[in-house]
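The block underneath contains the structure these notes are about, expressed in structure tokens.
The values are calculated or read from the model by the stated rules, or taken from the named source; none is laboratory data. Computed from a predicted structure; not experimentally measured. With ideal geometry, Cβ positions are generated from the backbone for all residues, glycine too; neighbour counts draw on all protein chains shown. With ligands, DNA and RNA removed, areas are computed over all heavy atoms of the protein, side chains included. Shrake-Rupley method; radii C 1.70, N 1.55, O 1.52, S 1.80 Å.
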Amino acid sequence: MFRKILVYGLPLYLYALEALIRTIGAIHTETVLGPTLAGAGIGFLLEATDLKPMKLSPDVVAALGKLDAKVYSEREKRLVDFIWLAFCLSLGAWMYSLFCTFHPEAGPVAYASLFIGCGVFFVSIVLSAVKENVNA
């Protein structure tokens, strides 16, 4: 239950943080498209960290049920570990895109914040699609 609250509430938490930062920095709303896209992408990544139990025969499932155990794919476990790394890097990219929103001259290009947001969003969509197809 707690995990679902974290997952489904993440966009709201990120929006609240962005609103606070916009208020403190007196930033206009239209300039935060990059951080908003990055925040949406981060939400996709968090959802992709859930391991799916493998499809097994009914007798194996019954035996595992007695032990209160589940079996997961090693390949999916490695992918989820990579998704966690991407999640942490995406948080850093989100923070940098917010920084670029406040100081556009600090980014390597004029629209650094937007490019970062689009990049995080694209990577999260790709990783979510890959995760859906693992063991499918």
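Ligands, DNA and RNA aside, Phe44 has an accessible area near 90 Å² when probed at 1.4 Å. Were the residues from Phe102 through Leu64 laid out at 0.36 nm apart, the gain over their Cα-Cα distance would be 8.4 nm. Placing pseudo-labels 7 Å out from each Cα toward the beta carbon at Leu89 and Val130 gives an inter-label distance of 1.0 nm.
Here's the list of aspartates and glutamates a cross-link from Lys70 could span, going by alpha-carbon distance under 20 Å and ignoring same-chain residues fewer than 8 apart: Glu47, Asp50, Asp59, Asp81, Glu132. Shown in residue order for segment 90-102 are the 3J(HN,Hα) couplings computed by the Karplus curve 6.51 cos²θ - 1.76 cosθ + 1.60 at θ = phi - 60°: 5, 4, x, 5, 4, 5, 5, 5, 5, 4, 5, 5, 6 Hz (x for Gly and Pro). Taking every protein chain into account, the 1.4 Å probe leaves Asp81 with about 70 Å² of accessible area, to the nearest ten. Rounded to the nearest 10 square angstrom, Trp84 shows an accessible area of 100 square angstrom against a 1.4 Å probe.
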